[in-house]
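Heads up: the structure comes next, in structure tokens.
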Amino acid sequence: MSDGAGQVIYSIDTNALMDWQARFYPTDVFKGLVVRMADLVDSGQLQAAALVREELDAVGTPELVGWAKSNAGIFVPTKDLLAGALAIQNQFPGLRDPKAEHEEADAYVISLARLRDGIVVTQETPAAEKNRPRRTHFIPDVCRELGVPCISLLGLMRRERWAL
């Protein structure tokens, strides 16, 4: 779970970034979290699939879209993750939302964590915890079956021992 220099790599999902800035931890209130996230970016520990950027551009707040643009270096190109993502999608067809109109980032988020021996950061919950889930697998389900560590945004804060 490191980049070779002892640092843990976090593969962050779209919803974790949305929950950070737009939902639960707004930057005007949680200024310390902005600094801590910037530290993860600067150290190369916070990474995301390029499809996460596309999702943010489509549904993110103007502030979050701006943040993604100014931190473009965290986004790993789709071509680097494609083989792993396709293998995950083939193994877990229930991960894909049957109603999705565009390629989803989920398999790519997991692929990045596998490629970098990292930890997935997502706000998704397993299918078993949902009432009438739209699909059979969500990121935590696939991570569990593949042996990829998976935590929430709060889990990231705890793992990093942040006191904000």
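Quick note: the coordinates plus some simple rules give every number you see, no bench work behind them. Just so it is clear, the model here is predicted, and its values are computed rather than measured. Here the Cβ positions follow ideal geometry from the backbone for every residue, glycine too, while neighbour counts run over all protein chains shown.
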Q: Could you please state, rounded to a whole Å, how far the C-alpha centre of the stretch 91-164 is from the C-alpha centre of the stretch 38-83?
A: 16
Q. By counting other Cβ atoms within 10 Å of each Cβ, how are PHE30, PHE92 ranked from fewest to most?
A. PHE30, PHE92
Q: Take SER111, SER43 and order them by how many other Cβ atoms sit within 10 Å, fewest up front.
A: SER43, SER111
**Q.** Degrees separating the helix 31-43 axis from the principal Cα axis of the chain, which is the longest one
**A.** 70
Q.
How big is the dipole moment of the stretch 10-159 about its Cα centre under a simple scheme where the beta carbon of each Lys and Arg is +1, that of each Asp and Glu is -1, and everything else is neutral? Debye, nearest 20, please.
A. 300
Q: May I ask for the longest run of the chain untouched by GluC sites (Glu not before Pro) that are loop-located per DSSP and have at most 16 neighbouring C-beta atoms (other than their own) within 10 Å?
A: 1-100
(Q) Going by amide H atoms built from the backbone, whose H comes under 5 Å of the H on ARG135, apart from near neighbours? (A) none
Q. Which whole-Hz ³J(HN,Hα) couplings does the stretch 13-26 yield from phi under the Karplus relation 6.51 cos²θ - 1.76 cosθ + 1.60, θ = phi - 60°, glycine and proline marked x?
A. 8, 3, 5, 5, 5, 5, 5, 4, 8, 9, 10, 10, 10, x
Q: Could you list which residues have their amide H under 5 Å from that of ILE119, counting only those 5 or more apart in sequence or on another chain, with H placed in the peptide plane?
A: ILE9, TYR10, SER11
Q) Between the helical axis of 50-59 and the dominant principal axis of the chain, each derived from Cα atoms, what acute angle in degrees is found, rounded to the nearest 10? A) 80
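Rank these for me by crowding, HIS102, HIS137, going from fewest to most other beta carbons within 10 Å.
Least to most surrounded, the residues fall as HIS102, HIS137.
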